[in-house]
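What follows is a single structure, written as structure tokens, with notes after it.
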Amino acid sequence: MTATRNPGSAGSALYAPESAPLADTSAPYDLPPPAVHGCWYPSADPSGRHVAFICDRAGVPQLWTGPVDGQEVRRLDADPHPVTEVSWSPDGRWIAYTTAPGGGELTRVLCVRPDGSDRHLLAGGESGTSARLGCWQHDGSAIAVTVTESAPPGHADRYHAEAPGPPGTGHAPQWAGRDGRAVLLDPAGGRLGAADGGVRPASDREPEERTLSAYLVDPEGTVAPVLLFSERGAANQRVCDLSRDGRLALVYRGPRGRREALVVRTEDSAVTCAFPVADGDPWVGGFSPSAGTVWLRSDAGREYAALLAAHLGPRGELHTTRVVAEREDCGLELLTLGHDGRRAVLAWNRHGVSDLELLALKSAPPYGTEAGAAPPPSAGDARRVDLPHEVVTRIAPTADPDAPVVALSGSRRHPGVWWLPHGAPLRTPWSSRDEDALPPGLTPVRPTPVRPVARDGLQLGGWYYRAPGRSPGEPAPCVLHLHGGPEEQERPVLEPLYLELLGRGLDVFAPDVRGSSGHGRSFTDADLGAGRFSAIDDVADCAAHVMVQGLADPRRMAVMGRSYGGYLTMASLVWHPDLFRTGVAVCGMSDLTTFFAGTEPWIAQSAAHKYGHPERDRDLLRALSPMSRVDALRAPVLAVHGEHDTNVPPGESEQFVRAARERGLEAELLLLRDEGHDFRRADNRRLFRRAAGDWLERHLAG
């Protein structure tokens with residue numbers, strides 16, 4: 001991809017993406033899929049009878065297509081780079097999708113014909129840039145993409161550095177032997193220090209500001225990209241919808257905990273109004289056909305997200321807002337508008353389980369465009385859809401408003417895609433069958449909801465998985481697993497890691513400590529600032545709860561987590577050093593100061609609201625950092641990280657492992673090749689599960 005300076009942006013480094021052709025790697029796929037595979041993130045063609053989706057049947061998440069009612073599938077991109085998002089154009093001519101080169105955090109946007117031809121790069125190919133998929137124009141003539149400006153001179157290698165290889169290849173000598181696609185560091189070595197990609201010293205400067213810019217891009221390449229909106233120092237940006245006449249854009253922006261939806265005039269990029277919206281899924285809403293109403297998933301001034309209708313004027317200015325669909329005890333998690341703009345599909349999150357319903361929408365014309373008082377926007381009666389599994393992760397509208405396509409996960413199946421003609425859920429033939437969900441010899445486990453109470457009286461949540469064959473009254477070796485975010489939520493879905501541990505006779509308790517989503521805005525915000533000390537105590541209180549209940553053996557408790565959960569794992573080991581026999585920290589932050597210095601600038605901008613500002617709150621960040629208390633560490637620890645992680649750089653694990661070794665403790669680091677913050681390759685995921693299982697089983701034995 002080449003990048004050109006936008007002529008309308010003098011004095012700023014705004015780059016408009018230009019498409020670059022790529023080799024055709026598509027092919028019919030007539031090999032039988034493995035019984036256990038996942039399909040997710042569907043997007044339907046205009047007829048609603050074919051779906052583009054992500055599938056890992058070939059070992060890595062890739063782009064596929066298939067009919068909703070037939071077996072034939074086609075892989076459209078066989079490159080090894082994981083696919084993360086998919087969107088079929090409204091005219092059916094193109095499929096746009098996002099990939100993560102090397103499994104890292106810097107993504108790019110491509111598009112391809114439904115037959116696999118004419119695959120080309122739209123944005124994100126230049127060193128140091130990243131691109132994000134937005135919505136299509138309603139006629140399919142262009143797609144919105146958000147791109148970052150290029151890295152400053154001399155910094156591009158930070159974002160696309162080649163990982164050093166094993167001994168004997170001319171790379172860093174500290175690498176120990178590679179096992180498959182991973183590197184296990186030798187106890188005496190370690191890839192440590194700024195010179196070789198390790199921890200960089202904290203800077204006295206603010207997080208480096210980068211510009212995020214949204215463009216309309218013609219996939220044919222015949223029309224120059226058009227700048228829609230640009231913002232310097234933005235933490236996030238995505239174009240969620242465009243009005244049918246092209247006058248208005250709905251832009252999702254803002255840091256975590258303070259997300260906004262902006263209505264932007266495309267002619268001059270002026271913001272006409274802004275609305276607080278909920279965290280979570282970034283596709284927060286859209287316009288009615290006349291653009292007189294914008295429908296939004298918002299938790300403004302309320303505990304739980306609801307469906308909000310905003311009445312707009314002819315120039316996009318706000319006149320009134322009203323809540324048109326809400327629930328007292330749970331929030332709106334997913335909102336998808338039908339192609340005609342007159343129907344919506346809503347997924348509510350009730351204690352971790354999804355409720356799906358179809359809803360008729362009654363929009364209003366633009367305020368002041370018609371004589372007389374127009375009725376305000378509203379919603380009709382909702383029709384509930386019964387689902388065969390617990391959690392909806394994605395909704396794709398089709399030409400038939402009563403037949404959406406949804407991605408489902410559950411405690412007894414791998415992710416799959418289901419077609420819902422008139423409310424009757426039908427599994428797509430290319431999704432794995434429920435009876436094939438587990439490898440031979442493993443028994444499905446339906447978790448039990450658990451409701452611990454924190455020491456300050458706050459009600460917590462979570463799910464307890466009992467290893468098959470264990471007597472109900474027998475205290476068990478138990479792994480307390482902590483999710484990421486911290487705004488993520490434990491859901492009753494099939495987690496291969498849990499299956500690995502359960503198959504080894506280890507129970508798993510997966511709690512929601514304060515800061516998690518799904519329990520209301522107050523609960524999500526309860527860990528802000530110094531409240532994070534209480535979140536660390538929540539981990540100890542959750543462990544104590546399952547011990548007191550007779551579920552977990554107090555002498556054989558371990559703690560484990562990924563991302564923010566990896567941070568909490570390290571924090572729990574040093575704040576409560578006698579509680580856990582061992583810990584496994586995956587992609588976690590060990591020092592919040594070095595995390596801010598090393599992460600992507602836009603991630604730092606977004607994270608400051610959650611953890612504290614790297615300058616103004618430096619003392620708080622230091623006090624909250626596990627490295628500040630590492631002398632209290634008593635338990636052996638395994639750290640796991642992706643080598644291309646620029647969200648939480650690998651140095652965060654490296655310095656914690658090094659500190660543990662310096663104190664005479666057993667500590668190892670498993671660095672997975674070709675992975676970023678999320679482990680997406682099947683072989684790496686298996687290796688990670690085996691390594692974690694071996695470590696935990698060994699340290700919890702006896």
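Structure notes:
- Residue that is modelled with the highest pLDDT, among those in region 230-239 that are part of a strand (DSSP E or B) and open to solvent by 10 Å² or more (accessible area, probe 1.4 Å): Arg238
- So Gly11, is it modelled with pLDDT under 95, more than 24 Å from Leu426 (Cβ to Cβ) and in contact with a helix residue (DSSP H, G or I) (Cβ under 7 Å, 6 or more places away or on another chain): no
- Tally of residues being within 25 Å of Pro101 (Cα to Cα), of a type in the set (Asp, Glu) and touching a residue at least 60 places away in the same chain (Cβ under 8 Å) across region 34-83: 1
- Checked against (1) surrounded by 20 or more Cβ atoms within 10 Å (Cβ to Cβ); (2) modelled with pLDDT of 95 or more, Asp674 passes all but a single condition, namely (2).
- Within region 41-79, the residues that satisfy the criterion of being assigned to a strand (DSSP E or B) and of a type in the set (Val, Ile, Thr) are Val51, Ile54, Thr65.
- Leu669 vs. criteria modelled with pLDDT of 95 or more, within 18 Å of Arg562 (Cα to Cα) and not small (Gly, Ala, Ser): yes
- Matching residues in region 660-671 - criterion: being in a helix (DSSP H, G or I) and surrounded by fewer than 21 Cβ atoms within 10 Å (Cβ to Cβ): Arg661, Glu662
- Within region 83-116, the residues that satisfy the criterion of being closer than 22 Å to Val73 by Cα, in contact with a Ser or Thr (Cβ under 7 Å, 6 or more places away or on another chain) and among the small types (Gly, Ala, Ser) are Ser87, Ala96, Gly116.
- Once region 384-415 is narrowed to residues that are at pLDDT 95 or above and in contact with a Phe, Trp or Tyr (Cβ under 8 Å, 6 or more places away or on another chain), the residue that is surrounded by the fewest Cβ atoms within 10 Å (Cβ to Cβ) is Thr393.
- Screening region 212-229 for residues that are closer than 17 Å to Ser269 by Cβ and either surrounded by fewer than 21 Cβ atoms within 10 Å (Cβ to Cβ) or among the β-branched types (Val, Ile, Thr) (or both) and picking the one that is modelled with the lowest pLDDT gives Ala224.
- Hits in region 626-646 - residues which are at pLDDT below 95 and open to solvent by 10 Å² or more (accessible area, probe 1.4 Å): Glu643, His644, Thr646
- Filtering region 667-690 to residues that are acidic (Asp, Glu) and more than 24 Å from Gly503 (Cβ to Cβ) leaves only Asp674.
- Matching residues, region 56-71, being under 22 Å from Pro404 (Cβ atoms) and open to solvent by 20 Å² or more (accessible area, probe 1.4 Å): Asp69, Gln71
- Tally of residues being among the basic types (Lys, Arg) and farther than 25 Å from Ala608 by Cβ across region 244-303: 3
- Flag for Asp619 being modelled with pLDDT of 95 or more, under 27 Å from Arg210 (Cα atoms) and more than 27 Å from the chain's Cα centre (by Cα): yes
- Verdict on Val147 being of a type in the set (Val, Ile, Thr), touching a strand residue (DSSP E or B) at 6+ places or on another chain (Cβ under 7 Å), at pLDDT 95 or above and under 30 Å from Leu337 (Cβ atoms): no
- Among helices (runs of 4 or more DSSP H) entirely within region 511-625, having at least 2 residues that are open to solvent by 20 Å² or more (accessible area, probe 1.4 Å) and in contact (Cβ under 8 Å) with a residue 24 or more places away in the chain singles out 521-525, 531-548, 592-598, 601-611, 618-624.
- The conditions of being acidic (Asp, Glu), modelled with pLDDT under 85 and open to solvent by less than 60 Å² (accessible area, probe 1.4 Å) are not met by Glu162.
- Within region 248-261, the set of residues being under 13 Å from Pro282 (Cβ atoms) and at pLDDT 90 or above comprises Leu250, Val251, Tyr252, Arg253, Gly254, Arg259, Glu260, Ala261.
- Taking region 245-315 and the strands (runs of 3 or more DSSP E) fully enclosed by it, the elements with 3 or more residues that are open to solvent by less than 10 Å² (accessible area, probe 1.4 Å) are at 248-253, 260-265, 293-298, 306-312.
- Restricting attention to region 316-360, the residues that are over 20 Å from Pro404 (Cβ atoms), of a type in the set (Val, Ile, Thr) and either open to solvent by less than 30 Å² (accessible area, probe 1.4 Å) or touching an Asp or Glu at 6+ places or on another chain (Cβ under 6 Å) (or both) add up to 0.
- The set of residues in region 78-93 that are open to solvent by less than 10 Å² (accessible area, probe 1.4 Å) and under 22 Å from the mean Cα position of the chain (by Cα) comprises Pro82, Val83, Val86.
- Output for region 451-478, where each listed residue is touching a helix residue (DSSP H, G or I) at 6+ places or on another chain (Cβ under 7 Å) and either within 16 Å of Arg491 (Cα to Cα) or surrounded by 16 or more Cβ atoms within 10 Å (Cβ to Cβ) (or both): Pro452, Ala454, Leu460, Gly462, Tyr464, Tyr465, Ala467, Pro477, Cys478
- Enumeration of residues in region 361-381 that are surrounded by fewer than 20 Cβ atoms within 10 Å (Cβ to Cβ) and either among the acidic types (Asp, Glu) or at pLDDT 90 or above (or both): Glu370, Asp381
The values are calculated or read from the model by the stated rules, or taken from the named source; none is laboratory data. Treat the numbers as computed from the prediction; the structure is a model and nothing was measured. Positions of Cβ are generated from backbone atoms using ideal geometry, with glycine treated the same way; all protein chains shown enter the neighbour counts. Quick note on the areas: whole protein, heavy atoms, side chains included, nothing else; ligands and nucleic acids left out. Shrake-Rupley method; radii C 1.70, N 1.55, O 1.52, S 1.80 Å.
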